[in-house]
Structure formats: C-alpha cells, structure tokens
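The structure under discussion is supplied below as structure tokens; questions concerning it will follow.
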Amino acid sequence: MTRYIVTLSFAAALAMLQPAVSHAENAEAGQAIFKKDCGVCHGTVQGKIGVGPSLFGIVGRLAGTVAGFRYSEANKNSGLTWDAATLDRYLVSPRTVVVGTTMTYAGQKDAEKRGDLIAYLATLH
Ligand code: HEC
C-alpha cells in the first residue's frame, strides 16, 4: 500500500514537471523554423553570401564580420557579439536592436520558437 502511494505521488510530481520538459529547446524544431524564416536570405555554409551573410558559427561571433558581405553601418558598428542572449533579444525585433539594419525580417515574438532557433544556430560550427 505504501509503495502504491509512493508510486502515485511520483507520477503526480512527474506530471507537474511535464510542461518544463516539453519546453526544452529543440534544435530540430529550430532547423524547420530556420528553413521557413531565415533560409531565403541566409546560408549555413561558411562564408556563403546571399541576401544576408552566412550564419555559420554565428553563436559567439562578433557582428559584421563575414568577409565580403556588405553590411549596413548599423550592423557593422553595433559592437554586438551574437551570444544566445543577444540573439534572443535581436530576433524579437531586429530593427529595434540594430536601428538602421537592412535585415527586413519582422521578428519572432514566440520565445519558445526563438529558443529552438538559437539551439539550431548553435549547431552551425
Ligand atoms: C529578407 C532577408 C532576411 C531574412 C528573412 C533574415 N535575415 Fe538576417 N540578415 C539579413 C541581412 C540583409 C543582414 C545584414 C544586415 C545589415 O547589414 O544591417 C542580416 C543579418 C543577420 C544577423 C547578423 C549577422 C552578422 O554577421 O552580424 C543575424 C544574426 C541574422 N541576420 C539572423 C537571422 C535569423 C536567425 C533569421 C531568421 C529568423 C534571419 N536573420 C532572417 C537578411 C535576412
């Protein structure tokens, strides 16, 4: 009987933990979002230039440093380092964080989707 109660309360505790677990960042989901939202303009191969600069190695990279890409002054002189926290802030509304950027992406307001995206970007090394 005691064992049954212990098992039951363990199951209840697990059920309470569930939302946190299902919100864990997911690079695979992030890749799908990337393809839809970023892939038109950004490549993931080192040095590849499209409408936007390659995002290879973006996490931890200093802004405006892909050779041969014509950045706006705003991006080039932003002084930002694209760590996860900065990317998260930027991707909500790029034009607010880098005023004058030529990136026309409107932004991703869903924090979970941004988390997934950044988890995927972190795999591009
Ligand atoms: C319509 C084209 C377009 C889309 C869509 C787009 N970008 Fe961009 N992105 C650009 C351009 C152009 C720049 C260069 C901006 C500048 O120089 O001001 C840029 C710059 C960036 C930078 C800064 C890179 C650096 O080297 O400093 C990051 C990070 C970035 N984009 C991430 C993303 C992500 C993630 C997505 C998808 C959620 C995305 N972009 C969607 C065109 C786009």
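The values are calculated or read from the model by the stated rules, or taken from the named source; none is laboratory data. The model shown is predicted, which means the values in this text are computed figures rather than measured ones. Please note: Cβ atoms are built from the backbone with ideal geometry, for glycine as well, and neighbour counts cover all protein chains shown.
I'd like to verify a number: residues in region 104-121 that are within 20 Å of GLY64 (Cβ to Cβ) and either buried (at least 19 other Cβ atoms within 10 Å of the Cβ) or in contact (Cβ under 8 Å) with a residue 60 or more places away in the chain (or both), how many? Steps first, please.
Quick first cut of region 104-121, residues within 20 Å of GLY64 (Cβ to Cβ) only: 104-105, 107, 118, 121.
Those still in the list that are either buried (at least 19 other Cβ atoms within 10 Å of the Cβ) or in contact (Cβ under 8 Å) with a residue 60 or more places away in the chain (or both) too: 105, 118, 121.
Number satisfying all stated conditions: 3.
Another question about this same structure. Among the residues of region 78-85, is any more than 6 Å from the ligand (Cβ to nearest atom), polar (S, T, N, Q), touching a residue at least 12 places away in the same chain (Cβ under 8 Å) and assigned to a loop (DSSP other than H, G, I, E, B)? Working first, answer last.
To start, the set of residues in region 78-85 that are more than 6 Å from the ligand (Cβ to nearest atom) comprises 78-81, 83-85.
Filter once more, keeping what is polar (S, T, N, Q): 78, 81.
Imposing the further condition that a residue be touching a residue at least 12 places away in the same chain (Cβ under 8 Å) reduces the set to 78, 81.
Keeping just the survivors that are assigned to a loop (DSSP other than H, G, I, E, B) gives 78.
Yes, that holds for at least one residue.
Now a separate question. Can you find a residue that is at pLDDT 95 or above, within 22 Å of VAL40 (Cβ to Cβ), within 10 Å of the chain's Cα centre (by Cα) and polar (S, T, N, Q) anywhere in region 102-111? Break it down into steps so the answer makes sense when it comes.
Within region 102-111, the subset at pLDDT 95 or above is 102-111.
Pick out the ones that are also within 22 Å of VAL40 (Cβ to Cβ) and you get 102-110.
Pick out the ones that are also within 10 Å of the chain's Cα centre (by Cα) and you get 108.
Add one more test, that the residue is polar (S, T, N, Q), and what stays is 108.
Taking every residue of region 102-111 in turn, at least one turns out to be at pLDDT 95 or above, within 22 Å of VAL40 (Cβ to Cβ), within 10 Å of the chain's Cα centre (by Cα) and polar (S, T, N, Q).
May I pose another question? If the Cβ limit is 9 Å and pairs must be 6+ apart or interchain, which residue in region 47-74 that is at positive phi pairs with which residue that is polar (S, T, N, Q)?
Within 9 Å, the pairs are GLY47/SER54; GLY57/GLN46; GLY60/THR81; GLY64/SER72; GLY64/ASN75; GLY64/ASN77; GLY64/SER78.
Right, here's the next one. Consider region 23-75. How many of its residues are in a helix (DSSP H, G or I) and near the ligand (Cβ under 9 Å from one of its atoms)?
If we filter region 23-75 for residues that are in a helix (DSSP H, G or I), which is where we start, we get 27-37, 73-75.
Keeping just the survivors that are near the ligand (Cβ under 9 Å from one of its atoms) gives 33-34, 36-37, 73-75.
Counting residues in region 23-75 that are in a helix (DSSP H, G or I) and near the ligand (Cβ under 9 Å from one of its atoms) gives 7.
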